[in-house]
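Right, one structure below, let's go through it.
The values are calculated or read from the model by the stated rules, or taken from the named source; none is laboratory data. From a predicted model like this one, the values you see are computed outputs, not experimental measurements. Cβ: placed from backbone, ideal geometry, glycine included. Neighbour counts: every protein chain shown.
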Amino acid sequence: MHPELSLLKDRKDKESASKKQIMIVAGEASGDLHGGNLVQALHRIDPEIRFYGVGGGKLRAAGVELTADAAEMAVVGLTEVVSKLGFILKVMSQLKASLKKDRPDLLILIDYPDFNLPLARAAKKYGVKVFYYISPQVWAWRRGRIGKIKKVVDRMAVILPFEADLYGEAGVDATFVGHPLLDVVRTKYSRKDALIRFDLREGVTTVGILPGSRQSEVTRLLPVMLGAAEIVNEKFKDVQFVLPLADTLDISFVSQIIARYSVTVKIIPDEVYDVIACTDIAMVASGTATLETALMETPMIIIYKVSVPSYYVGRMVIDVDHIGLVNIIAGKEIVPELIQFEASPEKIAAAVINILTTKGRKEYIRAELKKIRGMLGSHGAAERVARLAYDMINTQH
């Protein structure tokens with residue numbers, strides 16, 4: 001090779017080696033969303049950082065080189081874990097090999113604890129610093145994990161107000177950064193313009209249907225929601241139903257389920273917050289969507305339904321009075337929760353009808369949901385988290 005070309009190659013190799021590398025793992029749709037915003041915030045601090053790991057469309061769009069797609073790893077309950085175990089173990093093996101060989105400057109883990117905590121253990125073994133964003137829900141179940149987290153996680157950024165004290169008391173370095181949804185949940189249109197845009201009638205009761213973001217969730221929850229919609233449809237003359245389609249779902253898959261029921265449901269992709277803002281009440285799968293709906297101050301019924309084995313195992317280990325994030329944060333039941341066998345079309349419909357017809361009930365719920373926003377901190381979570389993470393890669397152990 002020509003001497004000048006050799007020197008140029010050596011210089012490029014050195015420049016590449018000097019760039020910071022971060023492995024990031026988000027195994028769920030919500031983690032992918034918040035991870036994407038975090039990566040963008042870190043790139044605003046240092047555009048040269050290279051990111052690689054596991055995530056979905058949001059992380060990919062932010063410039064992360066994906067070694068696996070989170071959609072193939074997202075699971076709810078024991079039966080799903082078994083069906084995807086081979087793929088999940090293969091991804092784990094690849095990431096551990098990279099930690100050993102490439103020694104990234106930082107490992108960022110987002111939620112997804114049953115995968116991420118073993119990965120954190122491997123990172124510590126190879127001297128890679130571990131930053132955990134969005135805590136495992138140790139306050140709900142398996143509280144003993146706090147001790148394990150203390151051993152394998154260097155720093156945490158938590159998003160619920162009571163989590164920092166919980167971890168701090170156990171000696172974990174945890175900072176409350178505010179909830180990232182505060183920067184995400186916003187409408188683009190006025191309610192009047194949204195109704196026109198979505199071809200919805202004004203002046204009639206609008207019921208939202210939010211069956212989750214995974215096919216398995218939708219398969220389990222959408223039929224009972226549609227059964228409830230049929231009952232509500234019989235009770236009210238002027239009512240319309242709308243389903244904001246998660247970007248992880250295929251519209252034809254959802255349409256085929258709806259076609260089996262005698263109720264018209266308008267499916268609207270990509271505009272979830274404006275759709276929720278149009279609704280008077282929503283039936284919502286337990287999870288992040290309940291908090292998104294709460295931030296829109298929309299009354300809701302929270303529905304939780306998993307496989308029977310998963311449900312009975314969960315009953316043995318879950319230690320909270322409520323299952324919906326809204327009610328957990330409030331410390332009381334603001335909105336009804338219908339869990340497993342209670343989540344029948346009849347009971348869901350009865351809860352919807354009760355809220356719509358009981359004087360002052362909708363107004364009370366809206367007022368309580370407004371208080372939730374104030375408890376979740378302030379805007380700018382991604383920037384605060386990015387600064388914490390960047391400080392870690394520039395600080396010696």
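Quick one: would you say Glu363 is over 18 Å from Leu226 (Cβ atoms), of a type in the set (Asp, Glu) and modelled with pLDDT of 95 or more? So Glu363 fits the description; yes.
Residues of the range 111-126 include at least one that is out of contact with any Ser or Thr (no Cβ under 9 Å at 6 or more places or on another chain), modelled with pLDDT of 95 or more, in a loop (DSSP other than H, G, I, E, B) and over 24 Å from Gly380 (Cα atoms). Which residues, taken from the range 232-271, are without any contact (Cβ under 8 Å) to a residue 60 or more places away in the chain, of a type in the set (A, V, I, L, M) and in contact with a helix residue (DSSP H, G or I) (Cβ under 8 Å, 6 or more places away or on another chain)? Passing the criteria: Val239, Val242, Leu243, Leu245, Leu249, Val254, Ile257, Ile258, Val263, Val265, Ile267. Inspect all residues belonging to the range 361-370 and state whether any of them is surrounded by 12 or more Cβ atoms within 10 Å (Cβ to Cβ) and farther than 26 Å from Asp238 by Cβ. So far as the range 361-370 goes, yes, one or more of its residues are surrounded by 12 or more Cβ atoms within 10 Å (Cβ to Cβ) and farther than 26 Å from Asp238 by Cβ.
Among the residues of the range 371-386, those identified as assigned to a helix (DSSP H, G or I) and loosely packed, with under 14 Cβ neighbours inside 10 Å are Lys371, Gly374, Met375. The requirement of being outside the structural domain of Ser216 (by TED's automatic domain parsing), of a type outside the set (S, T, N, Q) and at pLDDT 95 or above is not satisfied by Ala350.
If you filter the range 282-319 down to residues that are under 18 Å from the mean Cα position of the chain (by Cα) and in a loop (DSSP other than H, G, I, E, B), you find that the one that is modelled with the highest pLDDT is Met296.
Restricting attention to the range 183-207, the residues that are out of contact with any helix residue (DSSP H, G or I) (no Cβ under 6 Å at 6 or more places or on another chain), among the aliphatic types (A, V, I, L, M) and not assigned by TED's automatic domain parsing to the domain that holds Lys371 add up to 1. Any residue in the range 261-272 that is more than 23 Å from Thr205 (Cβ to Cβ) and surrounded by 22 or more Cβ atoms within 10 Å (Cβ to Cβ)? No: the range 261-272 contains no residue that is more than 23 Å from Thr205 (Cβ to Cβ) and surrounded by 22 or more Cβ atoms within 10 Å (Cβ to Cβ). Just so you know, in the range 22-48 the residues that are surrounded by 16 or more Cβ atoms within 10 Å (Cβ to Cβ) and assigned to a loop (DSSP other than H, G, I, E, B) include one that is modelled with the highest pLDDT, and it is Gly27.
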